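Novice: Dumping the structure here so I can ask a few things about it.
Bear in mind these aren't lab numbers, they're just calculated from the coordinates by the rules spelled out. Just so you know, these numbers come straight off a predicted model, no measurement behind them. Heads up, the Cβs are rebuilt from the backbone with ideal geometry, glycines too, and the neighbour counts pull from every protein chain shown.
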Amino acid sequence: MGLRFGLAKATGAVLTWGLRNVLHRPAGNMPGKIALYVDADLIGHLSARLSKGSIVVVGTNGKTTVTNLLADSIEAAGMTVACNRSGANLDSGVATTLLQTPRADWGVFETDELWMARILPQLQADYVVLLNLFRDQEDRMGGMGRIRESIVGALSASPRTTLVYTADDPQCAAIAAAVKNPCIAVGVAHDMDLAKLGALESEACPQCGAPLVYQVRQYDHLGEYRCDACDFARPSLDVAAQEVRLGADGLSFVATCSEGLAAKAVSGASEAACASPSQDSVRYAQGAAYLVYNLLSAFVAARLTGVSPDAFQRAADAFDPKNGRLQRYAIGERSLLLNLAKNPAGFNENLRLVLADEAPKAVAFFVNDKEGDGRDVSWLADVDFETLAAASSAGLRVFAGGLRKEDLRDRLARAGLDAQLVDGIEDVLSALPESGLAENAGVYVIANYTALPEVKVVLDRL
């Protein structure tokens, strides 16, 4: 370690103090960014502060939710956690979190798909939780092949890391098939009977390029699949969600662990926690289908760290990150639901929540094109606004906001939806009294990555 490590720690401490106490700004990235210039191996050196180990959470959608829920469940079990809860998921965010944590039992870190290649080889995490891979920010990310190759390279550089992955996602399954790491496959055991949103185009086999055949298609490209041109197929599940129930009052399922799961755990404590076979009920207050996968992945990772099913359920019952993900507000008589969506899959799953509410309602979409979002918004063409238009009557008001509000309005118009342009959420709330909707009509606000904080600041104030 030596002099560079000592200077890096001192730099991080000074920057953290200055940002918080002088500039009154969050110190989530900058201390680690500058300290990494001083010591490029800082994350590896600081990993010694984690006495039990670490977990990396990666994927297109759901990273922040799973990371925070997993950290909460570990704390509910009486252990301490270092976690980049705010979603600072580059190497600078992970380094900052470690610099600001003198000691912890576990580290739980959200990481960007491409930046994991810089983080995991240093961290040598015990587990990587791979949630899903959807088309997202292609002007930054490139094609799906590039993302898979980056994740495979990161895992190959950390050979003792166990990969917990969503086997229902063929992109994730292709990564598991390409690495020598121990792997734990999780997925949904039966058809959740979801209405299909979006164009269900033929998904190409990641192994040979031929069209995949789906026995069950849950949503987007997730489901039970096989390739008739080669031997690629959904792997057998080590942990399966069974008896899935989705409703307005939330979701529930039974997590069933197969025989042999304990052998894939990396410590005595996690082997005991994953003694198989086992069946544990999991419940959550929100009923979105994609949350079944998020909850299942978080549950499996928590069990591997030694968290009991009861402790995990306590954390799930109390989970309220207040970060704009499925966050509810009461504005006067109106109930408002704010959520993130940053790609076609995310938007379509949000539309599923809107469509489940058959009462008159308002929906506001906010889309930016800043660096964190990706400059190209052509992906809006793949969002199934047509289904929303077909299912809606006169009791629907639609608003379009964000830096790309005019593109958004045009896309909504092509779907048959007449959207009012707004500069912010204040304009939406001001327009509602004249909208003809009842005072207690629901309001749904769907915003992409950089638009979400802008909306949230106003709603928090109100």
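Novice: Which of rounded, prolate or oblate describes segment 112-247 when judged by the alpha-carbon gyration tensor and an a/c cut-off of 1.5?
Specialist: The shape class here is prolate.
Novice: While we're here: Contour minus end-to-end for L462 and D423, with contour as 0.36 nm per residue of separation and end-to-end as the Cα-Cα distance?
Specialist: 12.4 nm
Novice: Here is a follow-up. Just to be sure I understand the rule: take each whole DSSP H helix in the chain, project its Cα atoms onto its long axis, keep it if the span is 27 Å or more and its mean Kyte-Doolittle hydropathy is at least -1.0. Which ones pass?
Specialist: Both cut-offs are met by 2-21.
Novice: Can you give the local net charge around L353? Use residues other than it whose beta-carbon is closer than 14 angstrom to its beta-carbon, Lys and Arg +1, Asp and Glu -1.
Specialist: Local net charge: -1.
Novice: Exactly which trypsin sites (Lys or Arg not before Pro) in segment 168-252 are in a DSSP loop and have at most 11 other Cβ atoms within 10 Å?
Specialist: K180
Novice: For segment 327-461, give the magnitude of the charge dipole about the Cα centre (Cβ charges: +1 Lys/Arg, -1 Asp/Glu; no others), in debye to the nearest 20.
Specialist: Roughly 180 debye for segment 327-461.
Novice: For the residue pair N21 and A413, what label-to-label distance in nm results when each label sits 7 Å from Cα along the Cα-to-beta-carbon direction?
Specialist: Result for the modelled spin labels: 5.6 nm.
Novice: Looking at segment 327-461, what % of its DSSP beta bridges pair antiparallel, to the nearest 5?
Specialist: In segment 327-461, approximately 20 percent of DSSP beta bridges are antiparallel ones.
Novice: Just going by the charge dipole of the chain, with Lys and Arg at +1 and Asp and Glu at -1 on Cβ, which of V383, A76, N339 is farthest out on the positive end?
Specialist: Going by the charge dipole, the pick is A76.
Novice: Also, I was wondering about something else. If you average over every viewing direction, what projected area does the convex hull of the Cα atoms of segment 348-450 give, in nm²?
Specialist: With the hull built on Cα positions only, its mean projection is 6.0 nm².
Novice: Considering amide H positions built from the backbone, and no H for Pro or chain starts, which residues 5 or more places from D105, or on another chain, come under 5 Å of its amide H?
Specialist: For D105, the qualifying residues are S51, T80, V81.
Novice: Is it possible to state the helix-based mean residue ellipticity at 222 nm for the chain, with each DSSP H run of 4+ residues giving -39500 (n - 2.57), the sum divided by total residues, to the nearest 500 deg cm²/dmol? What is it?
Specialist: Helix contribution divided over all residues of the chain: -11000 deg cm²/dmol.
Novice: Please give the net charge around A157, taking every other residue with its beta carbon less than 13 angstrom from that of A157, where Lys and Arg add +1 and Asp and Glu add -1.
Specialist: +2
Novice: What trypsin sites (Lys or Arg not before Pro) in segment 363-462 are in a loop by DSSP, with at most 15 other Cβ atoms within 10 Å of the Cβ?
Specialist: K370, R375
Novice: Moving to a separate point now. DSSP beta bridges in the chain, what fraction antiparallel, as a percent rounded to 5?
Specialist: If we restrict to bridges inside the chain, about 35 percent are antiparallel.
Novice: Which whole-number percentage describes the relative contact order of segment 327-461, with Cα contacts under 8 Å and a sequence gap of 6 or more?
Specialist: Rounded, it is 39 percent for segment 327-461.
Novice: May I pose another question? Only Lys, Arg, Asp and Glu count, each charged at its Cβ (+1, +1, -1, -1), so figure out the dipole size of segment 67-181 about its Cα centre, rounded to 20 debye.
Specialist: Result for segment 67-181 is approximately 340 debye, rounded to the nearest 20.
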